[in-house]
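Colleague: Here's a structure for you.
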Amino acid sequence: MLQAAPRMTLVLGGARSGKSAYAERLIEVCPAPWLYIATAQAWDDEMRARIHEHRARRSDAWRTLDVPTALPEAVAASTGPVLVDCLTLWLTNLLLAEADLDAATEALARACAAAPGPLVLVANEVGLGIVPDNALARRFRDAAGRLHQRLARDADRVVLTVAGLPLTVKPSRENPA
């Protein structure tokens, strides 16, 4: 059962765990219009197909804003229900741009804290597997873990999706169920 959206929810999960569809349903409980801040970049046909699949699933009540790197600014400018999908691709874009990941994480955390909400953030949980065999992958995995911890600390609710099932990790104080 979906509950009314708290001000900020972090939805984590593995690839194809159902996290994006679940996050969309969380926002759709709120009055439209809804803003979908997308961080993906279509570098190849496979990614273009994924982006198309996500867009086709959403109704015309959604407005999409493509934001590969300027996520804190986009969240800060938001005025209504917002879904950010996904933090993992945003972090990848920053890593490839050789940005300061710690500073970007703090900028995003500040923007999220100031956002009026409801705000739903989607991210891939990448820290459950083996230790990567190369320095870049380890740096990414560690940065993702720090990002998730930082945002989970401030989130009103944290949900982990597994096999399409949402598992509440941190319940909202308003809706503890």
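The values are calculated or read from the model by the stated rules, or taken from the named source; none is laboratory data. Only a predicted model underlies this, so the values are computations on that prediction, with no experimental measurement involved. With ideal geometry, Cβ positions are generated from the backbone for all residues, glycine too; neighbour counts draw on all protein chains shown. These area figures cover heavy atoms from the full protein model, side chains too; ligands, DNA and RNA do not enter into them. Shrake-Rupley method; radii C 1.70, N 1.55, O 1.52, S 1.80 Å.
Colleague: Please calculate the 1.4 Å probe accessible area of Thr92, with all protein chains present, and give it to the nearest 10 Å².
Modeller: 40 Å²
Colleague: Another question, if that's okay. Hey, can you grab everything whose amide H is under 5 Å from the amide H of Asp66? Only 5+ residues off in sequence or another chain; H modelled, so Pro and N-termini drop out.
Modeller: Answer set, sorted by chain and number: Ala38.
Colleague: What is the spin-label model distance, in nm, from Ala114 to Ala15 if the labels are put 7 Å beyond Cα along the C-beta direction?
Modeller: If labels sit at Ala114 and Ala15, their model points lie 3.6 nm apart.
Colleague: Could you work out the mean projected area of the convex hull around the alpha carbons of the chain, in square nanometres to one decimal?
Modeller: Over every viewing direction, the Cα hull of the chain projects on average to 9.9 nm².
Colleague: Counting DSSP beta bridges in the chain, what percent are antiparallel, to the nearest 5?
Modeller: Within the chain, antiparallel bridges account for around 15 percent of the total.
Colleague: In square angstrom, what is the accessible area per residue of the chain with a 1.4 angstrom probe? List each step's numbers first, then the result.
Modeller: On the way: 9130 Å² over 177 residues.
Averaged over the residues of the chain, the accessible area is 52 Å².
Colleague: If you place +1 on the Cβ of every Lys and Arg, -1 on the Cβ of every Asp and Glu, and leave all else neutral, what size is the dipole of the chain about its Cα centre, to the nearest 20 Debye?
Modeller: With only Lys, Arg, Asp and Glu charged at Cβ, the dipole is about 480 debye.
Colleague: Under a plain spin-label model, where a point goes 7 Å from the Cα along Cα-to-Cβ, how far apart in nm are Ser59 and Asp100?
Modeller: Using points 7 Å along Cα→Cβ, the separation is 4.3 nm.
Colleague: Using just the helices of the chain, give the 222 nm mean residue ellipticity in deg cm²/dmol: DSSP H runs with n ≥ 4 each add -39,500 (n - 2.57), and the total is spread over all residues, rounded to 500.
Modeller: Computed mean residue ellipticity for the chain: -13000 deg cm²/dmol.
Colleague: What nm value, rounded to one decimal, do you get for the distance between Arg25 and Asp66 when each label is placed 7 Å out toward the C-beta?
Modeller: 2.9 nm
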